[in-house]
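Chemist: Take a look at the following structure, please.
Rule-based calculations on the coordinates, nothing more; no lab input. Owing to the predicted nature of the structure, the values given are computational and were not obtained by experimental measurement. We place every Cβ from the backbone using ideal geometry, glycine too, and count neighbours over all the protein chains shown.
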Amino acid sequence: MDRKLRAVFLISATGGGHIASAHAIAAGLEARNPGRFEFIYIDAFREYFGFPLRKAPEIYARWIALSPRSYGFAFSVTDSFYFSRFSLNGFQSRYGRRIMAPLKALKPDIILPIHALLVRPAVSGREALALGVPVVTFVTDFARPHWGWFHPGLDLCLVAGEVAFQRAQAMGILPERIINAGLLVHPKFSDNKEGKEDARVKLGLDPERPTVLVLGGGEGMGRLGRVVKELDRVLSGIQLLVVCGRNRGLAERLSTTKWRNRVRIFGFVRELEVLMRAADLLVTKAGPLSIAEGLTAGLPLLIYEAIPVQETGNALWVEQVGAGQFIRDPVRLAEVAADWLAHPATLRELSARARTVATPDSALRAAAAIEGLLGLGR
């Protein structure tokens with residue numbers, strides 16, 4: 001048997017989206033090429049960068065929790081063609097050798113930076129060290145992808161929507177190297193073998209009772225606790241599934257709270273697709289993967305929070321396509337949830353719209369494009 005092709009993902013544990021995106025792409029490659037790839041995941045900021053980027057996961061979580069507006073301001077200031085092309089280019093490029101030199105020993109066949117701040121170091125390091133290895137990225141942000149994602153030296157730029165496609169072209173990436181693969185989602189979310197009742201039984205839930213899934217992203221950020229309390233206060237006769245991610249403090253507080261309804265509290269979950277199959281409605285922050293996963297599961301979306309600037313467009317897009325609403329006020333959000341659950345026809349209409357705009361085969365599309373780049377025959 002030929003040796004496995006080695007795919008190295010450069011990721012960051014800032015939130016859960018970058019890691020989940022890498023796993024989604026890897027799953028697509030594995031589904032189309034069973035046993036042909038070896039996947040290596042490297043938290044590049046922790047491994048190769050100095051302070052403060054070495055502490056990026058901790059800084060990111062605290063920054064979003066304490067001052068989301070200032071984060072949005074910083075995102076907005078740096079999100080320009082000229083800033084990314086020149087200022088960011090110089091800053092990021094100096095890390096190129098630091099990132100790529102250790103990868104030589106791994107002998108990768110392809111390198112996939114899955115973070116806006118890792119694309120330029122990967123490309124510049126590859127060029128500085130004369131490594132003949134293709135560099136590919138998947139721009140997971142769809143409403144307002146940061147300009148830092150794009151570099152003309154990319155061998156392949158996979159994007160999730162027209163906005164990213166246009167930005168990639170403007171940055172000088174050749175059109176034939178840009179592929180709109182749709183909103184990235186792990187293939188497991190499109191597995192329809194298990195029905196709603198089966199998923200509820202698997203989770204130890206009442207198979208007949210309406211079920212609401214509440215997500216707070218990988219870090220369990222923002223007003224998640226208040227949203228859950230308002231849902232429990234306004235709704236009755238339901239089941240609430242609450243995913244707190246890595247926010248152990250919040251999970252502990254919610255676990256000791258007395259609830260009117262049946263409430264299940266989860267930490268970081270690896271089988272989120274099962275929870276989505278069990279649900280009738282998804283209440284979430286506006287992370288691109290959470291939205292993509294919810295749409296693929298055919299769930300109406302109520303978005304209660306968006307990271308300023310970076311995610312605001314995601315939430316507004318959900319409204320524009322008719323798959324849900326963006327409601328910041330937890331009281332009003334709970335009232336809308338109650339109204340939707342009281343009208344099954346409304347839920348069915350929103351669910352149908354969600355499935356219409358979903359792209360459940362996005363990871364497989366990405367895998368097919370990567371295969372073409374690597375010259376793999378089917």
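Chemist: If you put +1 on each Lys and Arg Cβ and -1 on each Asp and Glu Cβ, how big is the dipole of segment 239-378 around its Cα centre, in Debye rounded to 20?
Modeler: Dipole size: approximately 440 debye.
Chemist: Follow-up. Which whole-angstrom value gives the distance between the alpha carbon centres of segment 237-273 and segment 143-205?
Modeler: 28 Å
Chemist: Counting other beta carbons within 10 Å of each residue's own, what order do LYS4, LYS285 fall into, fewest first?
Modeler: LYS4, LYS285
Chemist: Report the FRET efficiency, 1/(1 + (r/R0)^6), for ARG3 and ASP191, where r is their Cβ-Cβ distance and R0 is 41 Å, rounded to 0.05.
Modeler: Calculated transfer efficiency: 0.85.
Chemist: Roughly what would the spin-label model give for VAL77 and GLU47, points 7 Å off Cα along C-beta, in nm?
Modeler: Once both label points are built, they end up 3.1 nm from each other.
Chemist: At a temperature of 25 °C and a viscosity of 0.890 mPa s, determine how fast segment 232-341 diffuses translationally according to Stokes-Einstein, using the Kirkwood radius over alpha-carbon pairs as Rh; express D in µm²/s, rounded to the nearest whole number.
Modeler: Reported coefficient: 168 µm²/s.
Chemist: A further question follows. Determine the dipole magnitude for the chain: charges of +1 sit on the beta-carbon of Lys and Arg, -1 on that of Asp and Glu, nothing else is charged, the reference point is the Cα centre, and the result goes in debye to the nearest 20.
Modeler: 940 debye
Chemist: Hey, another quick one. Tell me which GluC sites (Glu not before Pro) from segment 186-219 have a DSSP coil assignment and no more than 15 other beta carbons within 10 Å of their own.
Modeler: When the GluC sites (Glu not before Pro) of segment 186-219 are filtered for loop state and at most 15 Cβ neighbours within 10 Å, GLU194, GLU208 remain.
Chemist: Give the lysines whose C-alpha is closer than 17 Å to that of LYS229, dropping any in the same chain fewer than 8 places away, or say none.
Modeler: Result set, ordered by chain and number: LYS258, LYS285.
Chemist: How big is the C-alpha Rg of the chain next to the rule-of-thumb value 2.2 N^0.38 Å, as a ratio?
Modeler: Scaled against compact globular proteins, the figure is 0.99.
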